[in-house]
Amino acid sequence: MANILTRWLIFLHVLSALTFFLAHGTSAAMAFRIRRETDFVRIRAMLDLSDSTTEIMFLSFLSIVFTGVILTFLVHAWDKLWVWTSILLIIFIFIWMVRMNEQSYKLLRKLVGLPYRQGSNEYPAEPPASTEEVTALLKRINVKNLVLAGYVIPVIVLWLMIFKPF
Ligand code: HEM
């Protein structure tokens, strides 16, 4: 019985990860394509497309965490270092992404005249800033760091999950 439950939870855990990366793909594509854009209409469209998948991204992330925690109880793995390393790495990525977003894409939404959020507060659209200001912000955003934090670290977590080295 416990074995069947574990199988189903592994299924849901992996399914949640698939759903997460499918949903978050819009943000990743946006991050690459928006870098050299100067047309505010296109920038707004890309930001809105990325924003449209945020809820499913957050829900599937919660589902990854929830199924992961239950699984760790079921297989009695709380004393394993690979579990704690994975948890710390995922918490790091999450906090890093939220902080990165505050300083880049949320600010960009404000500069191109879209409604935006800061912390838990929502603000209405303001008059757009100049093209120079928007271009300067886009130049400051480092997509390499996004790939490093959002892709390379999850690859390490996947390796930890599969090989359970320590
Ligand atoms: C396990 C891996 C990842 C996690 C847990 C994660 C988590 C998050 C979270 C929680 C946010 C929302 C922040 C907020 O609303 O304040 C976010 C936003 C974002 N992430 Fe990730 N992310 C991951 C991978 C990636 C990758 C690989 C990329 C791109 C190469 C990426 C690019 C972005 C971008 C561009 C945004 C801003 C989206 C927007 O505001 O429209 N993320 N991420």
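The values are calculated or read from the model by the stated rules, or taken from the named source; none is laboratory data. From a predicted model like this one, the values you see are computed outputs, not experimental measurements. No Cβ is skipped: glycine too gets one built from the backbone with ideal geometry, and neighbour counts run over all protein chains shown.
Condition (residue is more than 11 Å from the chain's Cα centre (by Cα) and more than 12 Å from the ligand (Cβ to nearest atom)) applied to segment 27-37: is it met by at least one residue? Checked against the condition, which is being more than 11 Å from the chain's Cα centre (by Cα) and more than 12 Å from the ligand (Cβ to nearest atom), segment 27-37 yields at least one hit.
Quick grid of which residues meet (1) in contact with a helix residue (DSSP H, G or I) (Cβ under 6 Å, 6 or more places away or on another chain); (2) modelled with pLDDT under 95; (3) over 17 Å from Leu107 (Cα atoms):
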site	(1), (2), (3)
Met1	no, yes, yes
Arg7	no, no, yes
Ile10	no, no, yes
Leu22	no, no, yes
Ser27	yes, no, no
Ala31	yes, no, no
Asp48	no, no, no
Phe58	no, no, yes
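When residues in segment 1-14 are screened for being within 16 Å of the ligand (Cβ to nearest atom) and either small (Gly, Ala, Ser) or in contact (Cβ under 8 Å) with a residue 24 or more places away in the chain (or both), 1 of them pass. Based on what the data block shows, is Leu146 more than 12 Å from the ligand (Cβ to nearest atom), touching a residue at least 24 places away in the same chain (Cβ under 8 Å) and either assigned to a helix (DSSP H, G or I) or surrounded by 11 or more Cβ atoms within 10 Å (Cβ to Cβ) (or both)? No. For residues in segment 36-46 being more than 21 Å from Arg117 (Cα to Cα) and surrounded by fewer than 16 Cβ atoms within 10 Å (Cβ to Cβ), which is modelled with the highest pLDDT? Only one residue tops the list, namely Asp39. Checked against the criterion of being β-branched (Val, Ile, Thr), buried (at least 16 other Cβ atoms within 10 Å of the Cβ) and near the ligand (Cβ under 8 Å from one of its atoms), the candidates Ile90, Ile64 yield just one match: Ile90. A single entry from Arg117, Arg99, Arg44 fulfils the requirement of being touching a residue at least 24 places away in the same chain (Cβ under 8 Å) and either of a type in the set (Lys, Arg) or within 30 Å of Leu5 (Cβ to Cβ) (or both): Arg44.
Only one entry of Leu148, Leu108 meets the criterion of being in contact with a Leu (Cβ under 8 Å, 6 or more places away or on another chain), within 24 Å of Met30 (Cα to Cα) and not β-branched (Val, Ile, Thr), and that entry is Leu108. Working only within segment 15-26, note down all residues that are within 9 Å of the ligand (Cβ to nearest atom) and over 15 Å from Ile93 (Cα atoms). Passing the criteria: Gly25, Thr26. Looking at segment 102-124, is at least one residue in a helix (DSSP H, G or I), at pLDDT below 95, polar (S, T, N, Q) and surrounded by 12 or more Cβ atoms within 10 Å (Cβ to Cβ)? The answer is yes, given that some residue of segment 102-124 is in a helix (DSSP H, G or I), at pLDDT below 95, polar (S, T, N, Q) and surrounded by 12 or more Cβ atoms within 10 Å (Cβ to Cβ).
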